[in-house]
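*Asks:* Take a look at this one; I'll ask things after.
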Amino acid sequence: MCAHLTPADWITSTHRGHGHALAKGMDPKALMAELYGKGGGIVGGRGGTMHLYDRSVGLFGTNGVVASGAPHALGVAIGAKHRGTGDVGVAFFGDGATSHGGFHEALNIAGFLKAPVVFVCENNLYATATPLSTVTNNPEIASRAAAYGIAGVAVDGNDVVAMWTAVKEAVERGRRGEGPTLIEAKTYRTVGHHEGDPVTGSYRSQAEVDSWIARCPVTTFRARLKDEFGIATESVLGAIEKRVDDVVQESVDFARASAEPDGATVFQHTYADPMNPAIATMKRPARATKETSWLDAVRDGIAEEMRKERNILYFGEGTGERGGTFAHTKGLYQEFGAGRVIDMPISEQGFTGAAVGASATGVRVIADLMFADFLFEAGGQIALQAAKLRYMSNGQMNAPMILRVGCGTVRSTGPHHSGTYHPIWAHIPGLIVCMPSNPADAKGLMKTALNAGDPVLMLETKALFASKGPVPEGDDHFVPFGLARIARPGKHITIAASGQMVHRALEAAVALAAEGIEAEVIDLRTIQPLDVDTVAESVSKTHHLLVVDEGWPMMGVGAELGQAMNELAFDQLDAPVARLHTAPVTHPFGPALERAMLVSADRVTARAKEVLAGTATPPWRWKGRSDGMQAPIETIAAAAAPKAPPPAPSLGTLKGALINMPFGDLTVDSGKLVRWTVEDGAKVAKGDIVAEIETDKAVVEIEAPAAGIVAQVVKTVGQDIKMGATIGVVKEG
């Protein structure tokens with residue numbers, strides 16, 4: 001395979017990738033030292049036998065997770081195609097990987113994008129100890145290529161010449177822009193799967209092993225070179241084997257003599273150093289601002305960076321010509337084209353893994369997963385690959401990609417579309433986690449992410465999509481990671497929050513101020529890195545802290561900040577730190593249940609008073625003792641009454657069926673009355689179109705709710721109407 005590749009072509013490999021690493025050009029001494037875990041190893045002892053990286057020769061990495069390398073090689077190929085380099089990506093994997101979703105997702109995406117990638121399956125008939133024939137009804141792996149419309153070739157993997165020929169055709173096909181190839185190399189593993197695994201007697205017979213040993217590719221090719229091709233003699237081949245033995249011995253001697261890694265370097269290469277790009281920390285003069293919606297602000301930020309840097313790509317589902325589920329990519333496809341704003345199938349694992357490969361090898365990708373809940377579909381690529389890449393490769397490689405998702409609750413979106421999960425992801429070294437609360441910070445953090453060196457999870461609160469706020473004009477607005485914002489100064493209690501909880505805290509601060517209590521509200525903005533110093537400085541002034549968070553209380557932001565204050569500001573606290581979180585239950589759909597589990601401004605207000613009075617109790621938690629669940633330590637207050645709908649225009653003495661502005665999707669909270677389609681006093685039937693409302697996304701036709709006479713309570717065309725507000729009435733008669 002590697003005979004047809006250049007150092008600019010990349011390969012991904014398996015957890016048994018020593019041969020691949022050597023074939024691609026890795027120094028044998030550096031390889032052996034890594035197997036010994038020594039400082040002279042190719043990644044300084046950070047990776048060991050299963051995790052080998054060498055940027056200089058195009059080894060993206062051997063991998064401890066089955067099938068994970070397939071999407072990476074795909075991403076390499078997508079990036080190479082975009083940059084026009086003519087390079088290819090190659091993924092090596094075993095037959096066991098062909099049962100994994102990562103394999104199928106990568107092949108499908110590679111097929112429709114005609115990506116220059118070669119998938120090489122080394123089919124040795126067994127995945128650990130499981131025979132391939134027992135876990136699939138189609139053990140002919142090459143034939144699976146047809147399902148994805150790509151080339152599939154089955155080859156005798158023990159025939160060097162046959163492999164050389166098949167690979168040559170596949171690589172040339174990729175370089176010509178004709179798309180991917182799946183090569184099934186039929187071969188065998190004549191040893192156990194792991195140390196101590198018996199070669200025969202459990203799942204294989206001695207006769208089977210002996211038959212494959214007779215087909216050993218080294219032995220048979222050696223014989224062909226002498227007897228069939230007549231181009232080598234025994235002395236020539238003996239000299240080659242002696243040279244190989246010498247290289248191996250030299251490598252072992254080097255590894256044994258290499259020093260152990262320096263323990264003082266253990267923290268190096270977890271994040272970029274510095275974590276913030278220089279452009280994000282430059283001091284800039286104050287400038288004029290413009291009232292901008294959340295989605296427009298973030299979209300503007302992305303467009304500004306895409307104009308500056310051609311090698312930024314956007315992957316997502318329906319984010320191309322359609323403009324995204326929330327209209328959050330509206331206009332990007334039209335400006336930058338299908339080659340940069342790429343519509344992906346519902347294959348979160350596949351295109352997130354491709355984003356890792358592409359972002360590590362010359363382009364930067366925004367991977368749009370739509371909802372935070374769907375991050376778990378791509379969890380391995382995020383936590384095990386993107387976040388660890390810099391560390392595993394000892395700083396040789398990094399994956400500066402952005403994971404963009406909508407998060408949090410809004411209007412009964414139910415168990416699979418309401419989560420935030422930010423504490424889970426903030427637990428992972430190497431991953432930056434952002435959760436802004438306003439359009440300016442959302443734009444500024446996105447632009448910083450698009451210039452940073454690490455993978456960034458950008459959590460955008462869906463409930464804020466329709467919000468507006470002042471955003472600095474110009475294309476140089478950046479917000480650094482790890483720097484909290486004082487959203488409201490105060491002196492009696494500090495309330496720390498992020499995302500939409502900042503707004504609940506600000507609402508509570510207004511209510512508290514009416515009672516003479518001045519709360520200082522801190523907007524954390526990023527969860528990792530977490531700005532504990534700003535919180536501690538505030539606590540040294542207010543001597544009280546309440547952490548309000550949309551995440552669940554277990555092992556959450558409240559616990560982290562509370563313990564940080566024990567460490568940094570214990571002597572400044574006049575009362576224990578208190579927490580207020582979303583109740584620790586799966587997110588319910590029903591509005592009454594939803595209100596019962598959410599954090600409201602009223603609950604923030606009540607909790608702040610408890611902190612000041614010294615009566616705050618720990619958060620409600622599940623009990624692990626054998627006698628079942630403990631009673632709530634904190635009695636959940638009666639659910640706050642839902643906010644009243646926007647005030648309806650005065651109806652006077654008119655009675656009848658109300659004509660209301662309908663509720664739209666998550667990103668629209670108001671619309672403009674474009675026109676009435678019927679005259680005031682007109683007679684209508686139920687279902688007749690009576691008016692048109694224009695929102696940011698569409699013109700909405702409003703139907704008569706009943707038969708009768710129309711009274712146009714709102715008569716001014718061009719007037720902004722809030723969702724749910726009444727614009728007229730249909731009265732009887």
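FYI, it's all coordinate maths here, none of it is from the lab. In this text the structure is predicted, and so the values were computed from the model without any measurement. Don't worry about glycine lacking a Cβ; one is built from the backbone with ideal geometry, like all the others, and counts go over all protein chains shown.
*Asks:* Residue 423: net charge of surrounding residues, Cβ under 13 Å, Lys/Arg +1, Asp/Glu -1, itself excluded?
*Replies:* -2
*Asks:* Moving to a separate point now. With 10 angstrom as the radius, rank 462, 672, 38 by how many other C-beta atoms surround their C-beta, starting from the fewest.
*Replies:* Least to most surrounded, the residues fall as 672, 38, 462.
*Asks:* Turning to a different aspect of this structure: Check the straight Cα-Cα distances from residue 447 and name the aspartates and glutamates below 13 Å, setting aside those fewer than 8 residues away within the same chain.
*Replies:* Excluding near neighbours in sequence, the set is 300, 304, 305, 309, 475, 476.
*Asks:* How much length is gained if the chain between residue 211 and residue 15 is pulled fully straight, taking 0.36 nm per residue apart and subtracting their Cα-Cα distance, in nm to one decimal?
*Replies:* Result: 68.0 nm gained on full extension.
*Asks:* Cα-Cα pairs above 33 Å in the range 2-262: how many percent?
*Replies:* Tail of P(r) above 33 Å: 23 percent of Cα pairs.
*Asks:* To the nearest 0.05, how large is the calculated FRET efficiency for residue 554 and residue 191 if R₀ is 35 Å and r is the Cβ-Cβ distance?
*Replies:* That pair, residue 554 with residue 191, gives E of 0.20.
*Asks:* Separation of the range 477-551 and the range 231-269 by C-alpha centroid, Å?
*Replies:* What the calculation gives is 57 Å, centre to centre.
*Asks:* Turning to a different aspect of this structure: What size of dipole, in debye to the nearest 20, comes out for the range 47-185 about its Cα centre when the only charges are +1 on Lys and Arg C-beta atoms and -1 on Asp and Glu C-beta atoms? Mind showing how you got there, number by number?
*Replies:* Working: 9 positive and 12 negative charges, 111 e Å.
Result for the range 47-185 is approximately 540 debye, rounded to the nearest 20.
*Asks:* Count the DSSP beta bridges whose two residues both fall in the chain, then state the antiparallel fraction as a percent rounded to the nearest 5.
*Replies:* Details: 34 of 91 bridges.
Of the beta bridges lying entirely in the chain, close to 35 percent run antiparallel.
*Asks:* Where in the chain lies the longest segment free of GluC sites (Glu not before Pro) that are both loop residues by DSSP (not H, G, I, E, B) and have at most 15 other Cβ atoms within 10 Å?
*Replies:* 519-678
*Asks:* Among residues other than residue 199 whose Cβ falls under 11 Å from its Cβ, what is the net charge (Lys/Arg +1, Asp/Glu -1)?
*Replies:* Working: positive: 189, 204; negative: 197, 208, 210.
Result for the local shell: -1.
*Asks:* Only Lys, Arg, Asp and Glu count, each charged at its Cβ (+1, +1, -1, -1), so figure out the dipole size of the chain about its Cα centre, rounded to 20 debye.
*Replies:* Dipole magnitude for the chain comes out near 820 debye.
*Asks:* Could you please rank 458, 401, 282, placing first whichever residue has the fewest other Cβ atoms within 10 Å of its Cβ? Could you put the intermediate results ahead of the total?
*Replies:* Details: 458 22, 401 31, 282 10.
Fewest-to-most Cβ neighbours within 10 Å comes out as 282, 458, 401.
*Asks:* In the chain, once you exclude exposed chymotrypsin sites (Phe, Trp or Tyr not before Pro) (DSSP loop, at most 13 other Cβ within 10 angstrom), what's the longest stretch remaining? Can you show the working numbers first?
*Replies:* Working: sites that count: 229, 267, 589, 622, 663.
My reading of the result: 268-588 is the longest stretch.
*Asks:* Counting C-alpha atoms alone, how compact is the chain: give Rg to one decimal and Dmax as a whole number, in angstrom.
*Replies:* 30.8, 110
*Asks:* Mind giving me the FRET efficiency for residue 622 and residue 722? R0 is 45 Å, r the Cβ-Cβ distance, nearest 0.05 is fine.
*Replies:* My answer for the efficiency is 0.70.
*Asks:* Which one of 294, 78, 725 has its Cα pushed farthest toward the positive end of the charge dipole of the chain, where Lys and Arg give +1 and Asp and Glu give -1 at the Cβ?
*Replies:* Farthest towards the positive end: 725.
*Asks:* A further question follows. Using 25 Å as the Cα-Cα cut-off, could you pick out the over-long pairs in 290/609; 330/468; 290/672; 283/491; 655/686?
*Replies:* Beyond 25 Å: 290/609; 283/491.
*Asks:* If you don't mind, another one. Which FRET efficiency, nearest 0.05, do residue 568 and residue 335 yield, Cβ-Cβ r, R0 45 Å?
*Replies:* Efficiency at R0 = 45 Å is approximately 0.45.
*Asks:* Could you name the aspartates and glutamates whose alpha carbon sits less than 13 Å from that of residue 38, not counting residues in the same chain fewer than 8 places away?
*Replies:* Hits, sequence-local ones excluded: 253, 260, 262.
*Asks:* Another one. Give, as a single signed number, the net charge of other residues whose beta carbon lies under 14 Å from the beta carbon of residue 3, with Lys and Arg counted +1 and Asp and Glu -1.
*Replies:* Its environment carries a net charge of -1.
*Asks:* Something else: Out of every Cα pair in the range 657-731, what percent are spaced more than 18 Å from each other?
*Replies:* Above the 18 Å cut-off, the range 657-731 has 30 percent of its Cα pairs.
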